[in-house]
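Q: There's a structure below that I have some questions on.
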Amino acid sequence: MSVIALTGATGFVGRAAVARLRKRFPDTQLRLLVRQPDRRKLPGSFAGCRIVAGDLDDPELLAELVRDVDCVIHVAAAIAGNRADDFQRANVAGTRRLTEASAIHAPDAHLIHLSSLAALRPELSWYAASKRAAEEIVASSVARHSILRPPAVYGPGDPALAGLWRMLARGWLIRPGPAEARFSILHVDDLVESICRLIEHDATGRTMPLAGPQPEEGWSWTEIARVAREQSGRTVRTFGIPAPALRVSAASSLLFARLASRRAMLSPGKARELLHPDWVCDNLALEQCLGWAPATRLERALGTLPGWSDA
């Protein structure tokens, strides 16, 4: 029996990955790193999986997680924080500990690292810099590795974008970036499918962006509004947030988060990411590697998204 270890199992992508892995590889044992393993709150798909309780700070637990596994899927990451160290500790130091544990206890394992398209622009934010640094650790220390760089990921079970879909369903859109911005998006089903195919093909040594079906030059907010209008039958009114206002809001959000000892979802770095005009990627490297590309279209997925269906 083969064994797969997964970090970040209880997050949005992690839950989707567990469900897909259970169906795709029914004879494979899954070991899941779970920070708070209250079985009453775990998804039904976790039944039968081995739960390793802890996080990326504990080398002994990581050794237990990866010992003699065939594949390690590293999904866990901090996406919000109030200081650079918040991201360095989780995304950089945590990745380093995982690779060190893998080198000792599973030296032949294939490590699939879920990075981010933001890693292309590490100067923009603490998050982007930490994801780039984590990539470099994986690439330099794990012989059999694959790195995926998804853009914004959406799908059922994602609370982060529920507000966006709810706005669109009700006929309005607050645009958080420049009107001319172009970007890619990816459905979570396609992301976890790409992970499964990397396991099947045993394709290693590559760093690959991936994107869902999109217009030739990527998505724009105008095109997102058009799709929403076609699906809902409502006119979508768009309002842009001026860049100075977004920057001020981000600085205020960070200040209040620090005072309240909470993590800021909107920070100056996140504002710079939102204001960046080009987050478009393609599937060329992925298609060359796997002979496959993401196929879930936004038009067909809208009705299943949180926020859209309950608007």
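Rule-based calculations on the coordinates, nothing more; no lab input. Note that this is a predicted model, so its numbers are computed, not measured. Please note: Cβ atoms are built from the backbone with ideal geometry, for glycine as well, and neighbour counts cover all protein chains shown.
Q: Hey, if you put +1 on the Cβ of every Lys and Arg and -1 on every Asp and Glu Cβ in the chain, which of W172, S125, G44 ends up farthest toward the positive end of that dipole?
A: Going by the charge dipole, the pick is W172.
Q: Rounded to the nearest 5, what % of DSSP beta bridges with both residues in the chain are antiparallel?
A: On the way: 1 of 34 bridges.
Close to 5 percent.
Q: Rank by packing, highest mean first: peptides 118-126, 292-300, with packing defined as the count of other Cβ atoms within 10 Å averaged across residues. Display every interim value, and only then the final one.
A: Working: 118-126: 18.8, 292-300: 15.6.
Descending mean neighbour count gives 118-126, 292-300.
Q: With r defined as the distance between the Cβ atoms of D202 and I51 and R0 fixed at 25 Å, what FRET efficiency is calculated, to the nearest 0.05?
A: Values: r = 27 Å, r/R0 = 1.07.
FRET efficiency, D202 to I51: 0.40.
Q: Under a point-charge model restricted to the Cβ atoms of Lys and Arg (+1) and Asp and Glu (-1), what is the dipole moment magnitude of the chain relative to its Cα centre, in debye to the nearest 20? Numbers along the way, then the final one.
A: Numbers: 39 positive and 33 negative charges, 234 e Å.
My answer is approximately 1120 debye.
Q: Additional query: Rounded to the nearest 500, what is the 222 nm mean residue ellipticity of the chain from helices alone, with -39500 (n - 2.57) per DSSP H run of 4+ residues and division by all residues? Walk me through the intermediate numbers first.
A: Working: 12 runs with 124 residues, N = 311.
Here the helix-only value at 222 nm equals -12000 deg cm²/dmol.
Q: Over the chain, what is the relative contact order in percent, taking alpha-carbon pairs closer than 8 angstrom and at least six residues apart?
A: Contact order relative to length: 19 percent.
Q: Still on this structure, please answer the following. Within straight cross-link reach of K270, meaning Cα distance under 20 Å, which lysines are found once same-chain residues fewer than 8 apart are removed?
A: Filter leaves K131.
Q: Can you pull the one-decimal nm distance between simple spin-label points at E136 and R258, each 7 Å off the Cα toward Cβ?
A: My value for the distance between the label points is 2.6 nm.
Q: Report, in order of residue number, the helices in the chain meeting two criteria: a C-alpha extent of 24 Å or more along the helix axis, and a mean Kyte-Doolittle hydropathy of at least 0.5; treat each whole DSSP H run as one helix.
A: Values: long enough: 243-260 (25 Å, 1.11).
Span-like helices, by this rule, are 243-260.
Q: At a Cα cut-off below 20 Å, give the aspartates and glutamates reachable from K23, other chains included and same-chain residues fewer than 8 away excluded.
A: List returned: D70, D189, D190, E193, E200, D202.
Q: Here's something else I'd like to know. Expressed in whole Å with the largest first, what are the equivalent ellipsoid semi-axes of the chain derived from the C-alpha gyration tensor as the square root of 5 times each eigenvalue?
A: Working: eigenvalues 203, 101, 72 Å².
The answer is 32, 22, 19 Å, longest axis first.
Q: Please state the charge dipole magnitude for segment 32-83, taken about the Cα centre, from unit charges on C-beta atoms (+1 on K and R, -1 on D and E), reported in debye and rounded to the nearest 20.
A: Values: 7 positive and 8 negative charges, 72 e Å.
For this selection, approximately 340 debye.
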